[in-house]
Amino acid sequence: MKFQHAFVGLLIGLAAVAGCSKPQHAAEPGIDLSEPTHAQPRLAAIQLWLGPERLTAEMALTEDQERTGMMFRTNIAENEGMVFVFPTERASFWMKNCFLPLSVAYIDPDGVIQEIHDLQPQDTNTVFSAAANIHFALETSQGWFQRHHIHEGMTVRTERGTLIDTFSRRP
């Protein structure tokens with residue numbers, strides 16, 4: 001009987017799956033023991049400038065930070081977000097275990113926003129970048145880019161300079 005309870009508990013634990021950010025190299029949704037089960041602590045942050053707008057962005061720099069992203073979080077301040085740095089040139093996100101509506105900008109190596117997509121809570125459909133030359137992504141509250149007049153073609157910079165210079169040195 002104890003074995004059955006332990007087995008059922010293991011199956012329930014296996015049912016928890018990954019969330020907001022979905023690394024391009026990740027397998028399609030399924031059972032994965034390494035998938036997050038709770039929100040990650042607040043990450044180290046950096047100041048970003050998008051035109052005249054300033055945003056404080058947490059930095060998802062490790063595979064675990066990237067995989068967890070904004071999963072399980074219940075709020076995001078208006079001028080806050082999360083920046084992701086990709087080792088590959090293709091980006092994709094999904095919203096499993098994400099309870100907040102988000103927007104994501106896919107950004108090329110020069111820091112130029114190539115695409116902006118709205119993401120719906122709990123949507124497990126993957127949103128791939130159309131462009132193949134994506135090295136960064138920036139998640140914000142849904143509609144932030146529109147509310148702040150940020151659009152494709154604008155450049156994102158950090159308090160340290162360009163995105164590529166900032167993140168090739170790592171904080």
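Every number here is computed from the coordinates shown, using simple stated rules; none is lab data. The shown structure was predicted, so the numbers you read here are calculated from the model rather than taken from an experiment. Glycine gets a Cβ as well: all are built from the backbone with ideal geometry, and neighbour counts include every protein chain shown.
Looking at (1) among the small types (Gly, Ala, Ser); (2) closer than 26 Å to residue 73 by Cα; (3) surrounded by 21 or more Cβ atoms within 10 Å (Cβ to Cβ), which is the one condition that is false for residue 143? Failing condition for residue 143: (3). Here segment 50-66 is the region considered, the condition is being in contact with a strand residue (DSSP E or B) (Cβ under 7 Å, 6 or more places away or on another chain) and either of a type in the set (Gly, Ala, Ser) or more than 14 Å from residue 136 (Cβ to Cβ) (or both), and the residue that is surrounded by the most Cβ atoms within 10 Å (Cβ to Cβ) is 60.
Based on this model, can you work out whether residue 118 counts as touching a Ser or Thr at 6+ places or on another chain (Cβ under 8 Å) and part of a strand (DSSP E or B)? Answer is yes for this residue. Each residue in segment 77-103 was checked for being of a type in the set (A, V, I, L, M), within 13 Å of the chain's Cα centre (by Cα) and in a loop (DSSP other than H, G, I, E, B), and 3 of them qualify. The set of residues in segment 67-111 being out of contact with any strand residue (DSSP E or B) (no Cβ under 6 Å at 6 or more places or on another chain) and among the polar types (S, T, N, Q) consists of 68, 74, 75, 88, 97.
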